[in-house]
Amino acid sequence: MSYNNYEMPPCVEDLVKSIYISMDITEPEELDTRCLMDMVSEYFHIRLHYFDEPSEANNLGGNFHIFLNEKQSPQKQWQDFGHELGHILGHEGCQWGIPPLFRHYQEGQAKQFALHFCVPSFLLEQMATIDMAVLMKLFKVEKNFALHRIEMYRNKFLQLL
Ligand SMILES: [Zn+2]
């Protein structure tokens, strides 16, 4: 996938960790993602909405909003939340008027952020076994998302060799 070419700075992992610590989540037990989305939204003063259009983030009148497509699976909503949060934290949820190439770059960054946010490295580091089924169960993500995340996690260590 092309967005594997975008490498988030290492501080993204620290940012994600600090968010989870703020939510009092320090162990890779099964996440209540719906509850976590509410808590994270409150923490960042983001208004979370559910509707029947494709998920998006925006800034209306100085307030950040995340809109999630309620017709999707809980897994997809969770992944979309991570993606839209990445837009807000990375570039304030605004893509209007941005040249296509830069928008593409922002999309890559948001996708990378979602991978980190939905399946945090500091929780993976505590796990004895990391495989697709475990990730899907614990972190409530879809199969392809889990596979991408495992690949990304392995690459991180290969780069250190
Ligand atoms: Zn996006």
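Throughout, read-outs are computed from the coordinates displayed, never taken from laboratory work. None of the values given here were measured: they were computed from a predicted structure. Methodologically, a virtual Cβ is constructed for each residue, glycine included, from the backbone with ideal geometry; neighbour enumeration extends over all protein chains shown.
How much length is gained on full extension from Ile21 to Tyr50, taking 0.36 nm per residue of separation minus their Cα-Cα distance? Write down the numbers at each step before the final one.
Details: separation 29, 0.36 × 29 = 10.44 nm, distance 2.61 nm.
Length gained between Ile21 and Tyr50: 7.8 nm.
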(request) Read phi for every residue in region 53-70 and hand back ³J(HN,Hα) as whole Hz from Karplus 6.51 cos²θ - 1.76 cosθ + 1.60, θ = phi - 60°, with x for Gly and Pro. (result) 10, x, 4, 7, 10, 7, 10, 10, x, x, 10, 7, 10, 10, 10, 10, 6, 6
(message) If N is the number of residues in region 9-160, what value comes out of its Cα radius of gyration divided by 2.2 N^0.38 Å?
(response) 1.02
(message) Under a Cβ-only charge scheme (Lys and Arg +1, Asp and Glu -1), can you give me the dipole magnitude of the chain about the Cα centre, in debye to the nearest 20?
(response) 380
(request) Any chance you could check the Cα centroid distance between region 107-159 and region 23-61 for me, in angstrom? (result) 18
(message) Taking the alpha-carbon distance from Lys156 and a cut-off under 15 Å, which aspartates and glutamates remain once sequence neighbours fewer than 8 residues away in the same chain are dropped?
(response) Glu7, Glu13, Asp14, Glu125
(request) Multiply the residue gap between Leu147 and His104 by 0.36 nm, knock off their C-alpha separation, and tell me the result in nm, one decimal place. (result) 13.3 nm
